[in-house]
1. Check each of the GluC sites (Glu not before Pro) in the range 117-171 and keep only those in coil by DSSP with at most 10 other C-beta atoms within 10 angstrom; list them in order.
2. Sum up the charges of everything whose Cβ sits under 14 Å from the Cβ of Ser51, counting Lys and Arg as +1 and Asp and Glu as -1, but leave Ser51 out.
3. Between Glu169 and Arg28, what's the calculated FRET efficiency when r is the beta-carbon distance and R0 is 35 Å? Round to 0.05.
4. At what distance in nm do the modelled label points of Glu44 and Ile56 sit from each other, each positioned 7 Å from its Cα along Cα→Cβ?
5. With angles folded into 0 to 90 degrees, how steeply does helix 21-32 sit against the dominant principal axis of the chain? Use alpha carbons for both and round to 10.
6. Just to be sure I understand: of the beta bridges DSSP finds with both ends in the range 14-173, what percent are antiparallel, rounded to 5?
7. Can you sort Leu42, Leu30 by how many other beta carbons sit within 10 Å, fewest first?
8. Which trypsin sites (Lys or Arg not before Pro) from the range 67-109 combine a DSSP loop assignment with at most 13 other Cβ atoms within 10 Å?
Amino acid sequence: MESTGTEPISTEPTISAPSHSAVQAVERELRSHGITGEVLWLDEATPTAASAAEAIGTVVGAIANSLVFTLDGEPVLVMTSGGHRVDTAYLGAELGGTLKRASAETVRQSTGQVIGGVAPTGHPAPLRTWVDIALKAYPQIWAAAGHPHTVFPLTYGELVELTGGMEIEVERQ
């Protein structure tokens, strides 16, 4: 229908959910694994476990950090509780190699995501993954969804299944 120019102009704001290709890849993976938790878009970036916990009103230990390391040069993913720091010497010895923090470039190349928003899934190719058993203590955990402004809820069991991760302690007890 052709406009006559006399139609009323809508003053109502158009509301649409933010969109990002990395987040869409994460959402596809979640749904394909039967995980129904919705991705939340936050007003501010939450690059640390503490900032994510504060933004969503949970304890820092319930934040599942997606940390990319290299194990003997190969990118790997370690899902750790926000209440833990990965002991790279200990964990590397447990895994039988040398574990080092990945560079920002390696993180981006191996996950398609940026530091501060790395999700446990939605990567161009699966990464070998280890999951911190400390996350078992929480009935609901939260992970980044591919962008620094996003998080989504899931259970420990869903995280292990989603990532195909091996359960492990990430720091010496």
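1. Working: sites: Glu158, Glu161, Glu167, Glu169, Glu171; in loops: Glu169, Glu171.
Filter output for the range 117-171: empty list.
2. Residues close to Ser51 contribute a combined charge of -3.
3. The calculated FRET efficiency here is 0.65.
4. 1.7 nm
5. Compared with the principal axis, the helix lies near 70 degrees.
6. Working: 17 of 25 bridges.
Looking only at bridges with both residues in the range 14-173, the antiparallel portion is about 70 percent.
7. Placing the least packed residue first, the sequence is Leu42, Leu30.
8. Working: sites: Arg85, Lys100, Arg101, Arg108; in loops: Arg85.
Taking the range 67-109 and a limit of 13 other Cβ atoms within 10 Å, the loop trypsin sites (Lys or Arg not before Pro) found are Arg85.
Where a number appears in this text, it was derived from the coordinates with a stated rule and is not lab data. These numbers were taken from a predicted model, which means no experiment stands behind them. So basically every Cβ, Gly included, is an ideal-geometry build from the backbone, and we count neighbours across all protein chains shown.
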